[in-house]
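Here the structure comes first, spelled out in structure tokens, and everything after it is commentary.
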Amino acid sequence: MTAVHAGPGDYSLRAKLGPSFSLNDWEDQLRVGADFDYDLGYSMGIGFLTAFGVSSEFRFQMIPTFRYDFLYIGPGSFHGLAGIGYGRFNRQNSMDIRTGLGMTLPLGERYEVNSDVNFFFSPVGTAGTPVTLDWLIAFGFKFN
């Protein structure tokens, strides 16, 4: 029998998709992206999110992320996320901050489903402070 949970050194590549809801100085969008997640062990991991916003406005983000798994139920895990990275809103460069909560459910040894709710805001580089709430759903491949 083999384990279906992540261990130190395991990593995942995920395709993400979901809605983005404006909370301040922006517009609702469809978000499309990819996520890399590397398990450090001790319920922690690091990752890198790259995402585009699809609408009449241009949005792009590259954000390194720290993950902490705080609850395990069966093979699934619930986690908190935080990260700071690069953002681009139309023609403006910005510093973007990501915080969020999510869950990951393995589908056997090689696949997984992931969902997270993220709060993104851009305090530096943009007029106003764009704030969005994004719900991203992902399908990923896990490598050992």
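The values are calculated or read from the model by the stated rules, or taken from the named source; none is laboratory data. Everything numeric here is computed off the predicted structure, so don't read it as measured data. Cβ atoms come from the backbone with ideal geometry, glycine included; neighbour counts cover every protein chain shown. Areas reflect the complete protein model, heavy atoms only, side chains present, ligands, DNA and RNA absent. Shrake-Rupley method; radii C 1.70, N 1.55, O 1.52, S 1.80 Å.
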Q) Consider Arg88 against the criteria (1) within 19 Å of Leu30 (Cα to Cα); (2) open to solvent by less than 10 Å² (accessible area, probe 1.4 Å): it satisfies all of them except one. Which criterion is unmet? A) (2)
Q. In the set Phe36, Phe119, Phe78, Phe66, which member is in a strand (DSSP E or B), in contact (Cβ under 8 Å) with a residue 12 or more places away in the chain and farther than 20 Å from Phe139 by Cα?
A. Phe119
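Quick grid of which residues meet (1) at pLDDT below 95; (2) open to solvent by 70 Å² or more (accessible area, probe 1.4 Å); (3) not basic (Lys, Arg):
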| residue | (1), (2), (3) |
| --- | --- |
| Tyr38 | no, yes, yes |
| Ala51 | no, no, yes |
| Ser55 | yes, no, yes |
| Arg67 | no, no, no |
| Leu71 | no, yes, yes |
| Ile84 | no, yes, yes |
Q) Quick check, is Asp25 over 13 Å from Ser122 (Cβ atoms), of a type outside the set (S, T, N, Q) and touching a Ser or Thr at 6+ places or on another chain (Cβ under 7 Å)? A) no
Q. Does the range 103-126 hold any residues that are open to solvent by less than 40 Å² (accessible area, probe 1.4 Å), under 15 Å from the mean Cα position of the chain (by Cα) and not hydroxyl-bearing (Ser, Thr, Tyr), and which are they?
A. Glu112, Asn114, Asp116, Asn118, Phe120
